[in-house]
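Only one structure is covered here, and it is reproduced in the block below.
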Amino acid sequence: MDQDTLRSLLREAVRETVTEVLQMVMELDRTAFLQAHGGRRNGYYPRKLETAFGQVDLKVPRDREGRYYPAFLKPYARRLVDVGEVAVALYAAGVSQRKAAEAFRRRLLPEEMAFVYLDGLSLKVFREGEGIVRETVYVALGIAPGGERRVLGFWLLPTESALGWEGVLGELWQRGLRRVLLFVTDGLPGLPEAIRRVYPQAEWQRWVVHGVRWSLSQVRARDRALLAHDLRRVYGAESRGEALRALDEVKAAWGSRYPGVVGLWVQDSGAFLRFYGYPKELWPYLRSTNLMERFIREVRRGTKVRDHKFPKEEAVYKLLYLESERQEGRWAERRLKGFAEVKEVLEKMLLERYAPRTQTLTQNS
């Protein structure tokens, strides 16, 4: 590779980093402004800015009242201001951000959610005396009966375990979430039991997508397309009875060849097919992992700025808070399709399930 090509690649890499850092500073700055002055977010507008490394394309945050403007940008200017001004803005926003992140993690929650999604992601964190270690971020997202989405919380723990999730669930309870129809999770051993101990009246749905992915990873390449088709007939059926009949056919066709795969679906058929007990309009939200995967994907994008490593726990929480605020701002503009039509059905299900008796927390947390 010649020097000109190398110089060009380095310049482009630096320009991308400058863009990401400036975007992050503006997000922090707007959040700090709204914390101090009140108001609501109102999306973004595009702006080009000339820098020492070339032109960058930014998305400038705005508020509904039109009062906010990034502290380190001058209106109509197209050149980057002094780096010192950016540093001051970043520091000021960062101080407010730490306080806001802590308040966000402690905020009170609605008393009821139709569905709660739980999942974890692995991040690298620096620990004194240990160096860079991998730890797990626990994430809980919720959907209200009317289709409103919310980040219920995030926690950083050494590893993912049912015991860790039980502590998380206990905190959700203590922060006010008392009634949940359905928890949607992966098949982590012990997690269904942890859910029942804290929310004994809630049901558990195992992610169908995870089950399919795992199943296809366990079979020969030549069998994957046909097995995927047969499994789709199970979770894509029009009723639970039809799904169980399709599962019997899967067992007859594949049971002797892949007993472990078929055994998973037969043993956990109740959890895989739980969504049939809910309005048909909502089945896609209960079978897939789209909501959680999009959130985690955006978090991982933020880790690229830090080379996937965090200097301390506080940095993880600041990133998660920033992404949670950004996502909730987008979610507030549009509720999920299908929920408006079945809101009364979900509310009636919550009333019938929780009205007969008062749920009590069965653990000390």
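Worth pointing out:
- Test: residue 94 is of a type in the set (Gly, Ala, Ser), modelled with pLDDT of 75 or more and out of contact with any Pro (no Cβ under 7 Å at 6 or more places or on another chain): no
- Of residues in the stretch 189-217 being among the charged types (D, E, K, R) and surrounded by fewer than 14 Cβ atoms within 10 Å (Cβ to Cβ), the one nearest to residue 168 (Cα to Cα): 193
- Any hit, the stretch 218-233, residues being buried (at least 16 other Cβ atoms within 10 Å of the Cβ) and assigned to a loop (DSSP other than H, G, I, E, B): yes
- Cβ pairs under 9 Å, 6+ apart, first in the stretch 259-281 and under 17 Å from residue 216 (Cα atoms), second among the β-branched types (Val, Ile, Thr) and in a loop (DSSP other than H, G, I, E, B): 261/219
- Residue, farthest from residue 320 (Cα to Cα), within the stretch 144-164, restricted to residues that are among the charged types (D, E, K, R) and in a loop (DSSP other than H, G, I, E, B): 148
- When 269, 288, 215 are screened for being at pLDDT below 95 and not charged (D, E, K, R), only 288 passes.
- Filtered residues of the stretch 163-190 (kept if over 28 Å from residue 265 (Cα atoms) and among the small types (Gly, Ala, Ser)): 167, 170, 176
- Of all residues in the stretch 256-293 being in a loop (DSSP other than H, G, I, E, B) and within 25 Å of the chain's Cα centre (by Cα), the one that is farthest from residue 241 (Cα to Cα): 289
- Selected residue (criterion: nearest to residue 24 (Cα to Cα)) from residues of the stretch 57-86 that are modelled with pLDDT of 80 or more and touching a Leu at 6+ places or on another chain (Cβ under 7 Å): 58
- Single condition residue 128 does not satisfy, out of (1) surrounded by fewer than 17 Cβ atoms within 10 Å (Cβ to Cβ); (2) touching a residue at least 24 places away in the same chain (Cβ under 8 Å); (3) farther than 30 Å from residue 189 by Cβ: (2)
- Residue check, residue 162 surrounded by fewer than 21 Cβ atoms within 10 Å (Cβ to Cβ) and either assigned by TED's automatic domain parsing to the domain that holds residue 349 or within 19 Å of residue 101 (Cα to Cα) (or both): yes
- Selection count where residues are closer than 16 Å to residue 119 by Cα, assigned to a loop (DSSP other than H, G, I, E, B) and touching a residue at least 60 places away in the same chain (Cβ under 8 Å), scope the stretch 178-213: 3
The values are calculated or read from the model by the stated rules, or taken from the named source; none is laboratory data. If you're wondering where the values come from, they're calculated on a predicted model, not measured in any experiment. Cβ coordinates were reconstructed from backbone atoms using ideal geometry, including for glycine residues, and neighbour counts include every protein chain displayed.
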